[in-house]
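Single-structure report; data block below.
Every number here is computed from the coordinates shown, using simple stated rules; none is lab data. Keep in mind it's a predicted model, so treat the numbers as computed, not measured. Cβ placement follows ideal geometry from the backbone for every residue including glycine, while neighbour counts extend to all protein chains displayed.
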């Protein structure tokens, strides 16, 4: 089964599909090894991995290249952040086809003015509704695999209010998007209203420390969300763990992992060493034994 078909099948189940955020091959493998059935490529994490804040500094080529690495690293469907589509309808067409060609199962496209910024920061601006819907129409027309999931993200709530955000989400679904993503809802009551007001499946973005209140998976299911993403989970835990390990090294002069950490063999096993060794063994041609 293709990744696009697998993603569609997962979204047909009764419970929301959970997709933790990954920003490289290692974090994608962690998601898959933890038993999650889908992974989300975070744009903020991709920018961070290149040493930048999420201020729209990463190009389409860089984003697609990272999505390709993640898709190759795991055997679960990948949904990727495709920002604004990186230009007009022609750029959006290329964006969709580039992600499809690299094994990505779906993307989301948003209505911020380019260069965009993280949806949970202040200072955002959005394009006119008509321009946004043109982006969605272009994406729908561009896909070659009808199963490729197109998620319409709107940041309108923080800029012009809840009603306009809902109108944009519904207009995007009418234009052919498969799912709506209303970003940065500031309170629980509105959060529950989104799936009731939107005429189609909805995605919920959980960002601890962001504008949207934290809810449990059970809460999200009860509200009616079909997919929940966790973009900052691994990047935040990685930064905090890294700070702790580096501070310990400066203080003690000994790597913290030296006491009870994983061995180098265990480390490489997490990265697929057993599979690569098995492949090498299967391909080695050994001389026949002499009698």
Order of 64, 265 under a 10 Å beta carbon neighbour criterion, fewest first: 265, 64
Computed label-point distance, nm, for sites residue 221 and residue 164 using a 7 Å Cα→Cβ extension: 3.7 nm
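How much length is gained on full extension from residue 284 to residue 240, taking 0.36 nm per residue of separation minus their Cα-Cα distance? Each step should come with its number before you reach the end.
Values: separation 44, 0.36 × 44 = 15.84 nm, distance 4.32 nm.
11.5 nm is the gain from fully extending residue 284 to residue 240.
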Cα gyration tensor shape for the range 45-139, rounded if a/c is under 1.5, else prolate or oblate: oblate
Gain on full stretching of the segment that runs from residue 264 to residue 199 - 0.36 nm per residue minus C-alpha separation: 18.3 nm
Using alpha-carbon coordinates, inclination of helix 188-197 to the longest axis of the chain, degrees: 70 degrees
Rule-of-thumb Rg ratio for the range 3-239 [Cα; 2.2 N^0.38 Å; N residues]: 0.90
Least to most buried among 72, 89 (fewest other Cβ within 10 Å first): 72, 89
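Find the relative contact order for the range 177-291 and round it to a whole percent, using C-alpha pairs within less than 8 Å whose residues are 6+ positions apart. Show your work: numbers first, answer last.
Numbers: 94 pairs, mean separation 20.4, N = 115.
Rounded, it is 18 percent for the range 177-291.
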0 to 90° range, to nearest 10: angle between helix 273-283 axis and the chain longest Cα axis: 60 degrees
Degrees between helix 129-142 axis and first principal axis of the chain (Cα, 0 to 90, nearest 10): 50 degrees
Estimated 222 nm signal from helices in the chain, with DSSP H stretches of n ≥ 4 weighted -39500 (n - 2.57), rounded to 500: -14000 deg cm²/dmol
Spatial separation of Cα centroids for the range 217-257 and the range 84-124, in angstrom: 26 Å
Residue 276/residue 37 FRET efficiency (R0 22 Å; Cβ-Cβ; nearest 0.05): 0.35
Separation between Cα centres of the range 31-66 and the range 150-214, rounded to whole Å: 21 Å
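Please find the FRET efficiency linking residue 9 to residue 251, where r is the Cβ-Cβ separation and R0 is fixed at 41 Å, and quote it to the nearest 0.05. Please list the in-between numbers first.
On the way: r = 50 Å, r/R0 = 1.22.
Given R0 = 41 Å and the Cβ-Cβ separation, E is 0.25.
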Global form of the range 110-200, assessed from the alpha-carbon gyration tensor, a/c cut-off 1.5: oblate
Which of 93, 27 has the fewest Cβ neighbours within 10 Å, and the rest in rising order: 93, 27
